[in-house]
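A short write-up of the structure that comes next.
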Amino acid sequence: MSDPLGDAVDTALEHAGADAVAGLAEGRREANGTRCLNCGEPLKANYCPECGQGAHSLRRPFWSLLGESAETLFSIDSRFARTVPDLIVRPGRMTRHYLDGQRARFLPPFRLYVLASLIFFILMPLVMGKGVAFMPKGTQDFADARAEIEASHNDGDMTDEEYQSAIRGLDQAEQVWRGGIPGLVTPTVPNAEGDVAPPPDEEWAGFMPREALDAVREAGANGDKDAARFAEIMDEPGRLAEETQRWIPRMMFVLLPVYACLLALVYFWRRQFLFFDHLIVSLHFHSALFFAMSIGLVLVPFIGLGWVSLALIVYSNFYLYRLNRVVYGRGAFSSVLRTVTLDSLYIVILMFALLMAAILGALSL
């Protein structure tokens, strides 16, 4: 069984490489000497006034570079207290200030996104998993989950109300898993003894006809390695889910410039906005969503996943509406129209990104 927390941290940290490397050229370091090593111009500051090359040397001990890189990545100062509340509570205000050149008091957008995504992908397995794995080695082990809940209740770690709520939630999750997808996955039906009987209609195996899957298995048995691998994936869907989860943070990172392109598309005639501006908006928007989803994860045990999901949908659309109003200076009707347009385009792209994550997850097996 893979470690979901470790995987989440690994994938989130992959987003931070460029930011850490960029920090190697900054910081409080002594200059190389009195003249620029590139053009020979006398140095009066940290950068050459003639050619712009940095005055600092990168030829230093490895541990010095590594330590400085980590410090650049994880440094959180007083700007955090000014950035995050403004980002979450006042949609578009910080972004507008940043684009206007008032940047010193805010965290850099890329570092802000890394921090927000890191918090979310660490919290998600901790809060949603609760230490209960529903997909060990490709199976839905609801019996073990129920036994763990029973043990916690018997040990006094859970009140009767919490126990009943946990059991109801587990029953609902199992019902969804057993119920299948209409037209794609045939539901399994419990028999009179309470055990799960074989599905009454076996024409479908997951999302593909059973005859097609049998043909794939036969091809695999005859030496087709790709067919054998595909059949193995279909037999153990939990492994595919785990690998897909590894790729989702990476696909979200790829979507940052994609969303910036969507903003550029709906504002293609506004020449005063460059792609850089749209990218900053995209970074701030996704950072705010990650912070909001992190807060939502904490609230799930108290108010339920349904209310949290509804609140996130409302908040994300309100945030996007305010971005159009505050950052781009559009009117109310125009902002609503662009919010709907961006939602429609982005949901298609997001579904495609999730499909790509599943494909890349399958290829990673």
Of the residues that sit in region 300-329 and are within 28 Å of Leu126 (Cβ to Cβ) and of a type in the set (S, T, N, Q), which one is surrounded by the most Cβ atoms within 10 Å (Cβ to Cβ)? Ser316
Output yes when any residue across region 62-77 is open to solvent by 70 Å² or more (accessible area, probe 1.4 Å), among the aliphatic types (A, V, I, L, M) and either modelled with pLDDT of 60 or more or out of contact with any Gly (no Cβ under 9 Å at 6 or more places or on another chain) (or both), and no when none is. yes
Run down Leu323, Leu337, Leu262 and say which single residue is over 24 Å from Thr83 (Cβ atoms), part of a helix (DSSP H, G or I) and touching a residue at least 40 places away in the same chain (Cβ under 8 Å). Leu262
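The values are calculated or read from the model by the stated rules, or taken from the named source; none is laboratory data. These figures come from a predicted structure and were not determined experimentally. Glycine gets a Cβ as well: all are built from the backbone with ideal geometry, and neighbour counts include every protein chain shown. Just so you know, the surface numbers come from the protein's heavy atoms only, side chains and all, with ligands and any DNA or RNA stripped out. Shrake-Rupley method; radii C 1.70, N 1.55, O 1.52, S 1.80 Å.
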